[in-house]
Amino acid sequence: MCHLLRAFKADQQAGDCGSLPGALLLPVNMPTSDAPEERLRKFKYRGKDASARRQQRIAVSLELRKAKKDEQALKRRNITDVSLDPSDQQTKGFEAAWALTNIASGASELTRAVVDGGAIQPLVELLSSPHMTVCEQAVWALGNIAVLAAVSSLQVPFLRNIAWTLSNLCRNKNPYPSDHAVKQMLPVLFYLLGHPDREVLSDTCWALSYLTDGCDVRIGQVVDTGVLPRLVELMCSSELNILTPSLRTVGNIVTGTDHQTQLALDAGILGVLPQLLTHPRSSIQKEAAWALSNVAAGPRQHIQQLIACGALPPLVAVLKNGEFKVQKEAVWTVANFTTGGSVDQLIQLVQAGVLEPLINLLTIPDNKMVIIILDILFFILQAAEKISQKENMCLLIEGLGGLDRIEALQLHENHQVALTALNIIERHFSEIVRFSYGP
């Protein structure tokens, strides 16, 4: 009966002929007998049945919705069916968030009414709920509100709260944000990334850095939103709180698949990373070298792009003069370069002057780094051997003091260091050592 009355009410409100099922269709508030012919002739809906008028009303409504398409394109209405205990306080929070989500998915006036009604703080508090469904519902509601914020004149403090909240939600690793929640947040983060406020940008970039600090699937979800060109722009920022998280996000992306790395290269990261190796902050130099090391870990075409962009001279410079934490990342870059590069690419690396700083670093008190540098020298000597230039390469290394240091490392207390040094001497320097010391 409730359903029938609801249908009857809807028909009345639409201007239909009011009736209960089974009754005659009569114009609302019009006499039921002796209706003048002239009045019937002038009646607006004469000759049209209720179904036709309803279709007309739907068509008008559709046009109105289309007019608001740009504003509402990213707003989602939640129609998820969930089952929670109605007596539970968390369920009440979920239902309230659900209602607010659906209201905020409407026109901008409705979304603004949710904001003006003071719904933001309670929604933020629901993010700390132990129930993931409640957290996700709160994210959804805040996401719809943030879409309005991104395309309207909502106050910057509100946008800062949204970006900060999302960054903290993305930061959580135990548990990691669900795939469903991530898909809800990404469109909002994409639009917030276009906002000029530096605090909004900073928190948005940190949120993206947390999301990309994971598996290739999550990296792919972020990359697919199209954020890379904007991230490359932000890597040029003079604001450290924007540069750092944008650089970290790009660094995370190039830890992904070769295809994901190529998308980052296509977006122009190699136009920025070499410059960042000369940044006044050593922390930025370290992040840039780390990102380059992951580019160098890719196929040879990635290594060639790294050479072409002019990254080798600043890389050699930080190997010579950078802080030790930066030098370590630069060593990893060279190690990946020599592992996957062609003979010609390794020769270009030598011509850039990489041998001298590497040999000087053989005295550092870091056994792992020393082993990596010895491996680099081994690969370079192998490459020289393939083009019949091993003798010249050995003489070059000896002239830089490399032979003396490699020989000394044969007596190193670390067995792996000593063994690696011995292998280089026996494989590549045996003739020189025999000539120097005799049989």
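Scanning the stretch 370-390 for residues that are touching a His at 6+ places or on another chain (Cβ under 7 Å) and either under 22 Å from A330 (Cβ atoms) or outside any helix (DSSP H, G or I) (or both) yields a single hit, L381.
Scan the stretch 182-190 and give yes if some residue there is modelled with pLDDT of 95 or more, open to solvent by 10 Å² or more (accessible area, probe 1.4 Å), in a helix (DSSP H, G or I) and not hydrophobic (A, V, I, L, M, F, W, C), otherwise no. Show your work before the answer.
Of the stretch 182-190, the ones modelled with pLDDT of 95 or more are none.
Within the stretch 182-190, none of the residues are modelled with pLDDT of 95 or more, open to solvent by 10 Å² or more (accessible area, probe 1.4 Å), in a helix (DSSP H, G or I) and not hydrophobic (A, V, I, L, M, F, W, C).
Residues in the stretch 296-303: is at least one free of Cβ contacts under 8 Å to residues at least 12 places away in the same chain and either touching a Phe, Trp or Tyr at 6+ places or on another chain (Cβ under 7 Å) or open to solvent by 10 Å² or more (accessible area, probe 1.4 Å) (or both)? Yes, the stretch 296-303 contains a residue that is free of Cβ contacts under 8 Å to residues at least 12 places away in the same chain and either touching a Phe, Trp or Tyr at 6+ places or on another chain (Cβ under 7 Å) or open to solvent by 10 Å² or more (accessible area, probe 1.4 Å) (or both).
Per the conditions (1) surrounded by fewer than 23 Cβ atoms within 10 Å (Cβ to Cβ); (2) more than 16 Å from V250 (Cα to Cα), the sole criterion not satisfied by G220 is (2).
Say we look at the stretch 353-364 and pick out the residues that are open to solvent by 20 Å² or more (accessible area, probe 1.4 Å) and part of a helix (DSSP H, G or I); which of these is farthest from A289 (Cα to Cα)?
Taking the stretch 353-364 first, the residues open to solvent by 20 Å² or more (accessible area, probe 1.4 Å) are 353, 356, 360, 363-364.
Among the residues that remain, those that are also part of a helix (DSSP H, G or I) are: 356, 360, 363.
Working: E356: 19, N360: 19, T363: 21 Å.
Among them, the one singled out is T363.
Please note which helices (runs of 4 or more DSSP H) are completely contained in the stretch 391-439 and include at least 2 residues that are at pLDDT below 95. Result: 415-428, 430-437.
Among residues of the stretch 134-179 being over 24 Å from D116 (Cα atoms) and surrounded by 19 or more Cβ atoms within 10 Å (Cβ to Cβ), the one that is modelled with the highest pLDDT is C170. The residues in the stretch 320-345 that are closer than 14 Å to D366 by Cβ and not acidic (D, E) can be counted, and the count is 9.
Identify, from the list T333, T339, the residue that is in a helix (DSSP H, G or I), open to solvent by 30 Å² or more (accessible area, probe 1.4 Å) and under 27 Å from V254 (Cα atoms). Explain how you work it out, then say what you get.
Numbers: T333 fails: open to solvent by 30 Å² or more (accessible area, probe 1.4 Å).
Being in a helix (DSSP H, G or I), open to solvent by 30 Å² or more (accessible area, probe 1.4 Å) and under 27 Å from V254 (Cα atoms) holds for just one of T333, T339, which is T339.
Close Cβ contacts (under 6 Å, 6 or more residues apart or on different chains) running from residues in the stretch 155-168 that are in a helix (DSSP H, G or I) to residues that are open to solvent by 60 Å² or more (accessible area, probe 1.4 Å) comprise R160/E199; S167/W206.
Listed here are the residues, each with its yes/no results for (1) surrounded by fewer than 17 Cβ atoms within 10 Å (Cβ to Cβ); (2) more than 32 Å from the chain's Cα centre (by Cα); (3) of a type in the set (K, R); (4) within 29 Å of Q275 (Cβ to Cβ).
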{"residue": "N321", "(1), (2), (3), (4)": "yes, yes, no, yes"}
{"residue": "Q351", "(1), (2), (3), (4)": "yes, yes, no, yes"}
{"residue": "D366", "(1), (2), (3), (4)": "yes, yes, no, yes"}
{"residue": "I380", "(1), (2), (3), (4)": "no, yes, no, yes"}
{"residue": "E391", "(1), (2), (3), (4)": "yes, yes, no, no"}
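Confirm whether E356 is over 27 Å from the mean Cα position of the chain (by Cα) and modelled with pLDDT under 95. Before the answer, list the steps.
Numbers: over 27 Å from the mean Cα position of the chain (by Cα): yes; modelled with pLDDT under 95: no.
No: the conditions fail for E356.
Among the residues of the stretch 233-254, the ones that are more than 16 Å from A207 (Cα to Cα) and crowded, with 17+ Cβ neighbours inside 10 Å come to 2 in all. For the criterion of being among the aliphatic types (A, V, I, L, M) and closer than 26 Å to S283 by Cα, V232 passes. Put simply, of T212, T257 the only residue that is out of contact with any Gly (no Cβ under 7 Å at 6 or more places or on another chain), crowded, with 19+ Cβ neighbours inside 10 Å and among the hydroxyl-bearing types (S, T, Y) is T212. Limited to the stretch 226-271, what total is found for residues that are in a loop (DSSP other than H, G, I, E, B) and either on the phi > 0 side of the Ramachandran plot or among the charged types (D, E, K, R) (or both)? Result for the stretch 226-271: 3.
The values are calculated or read from the model by the stated rules, or taken from the named source; none is laboratory data. Bear in mind that the values here come from a model prediction, so they are computed numbers and not experimental data. Cβ sites come from the backbone with ideal geometry, for glycine too, and all protein chains shown count toward neighbours. Quick note on the areas: whole protein, heavy atoms, side chains included, nothing else; ligands and nucleic acids left out. Shrake-Rupley method; radii C 1.70, N 1.55, O 1.52, S 1.80 Å.
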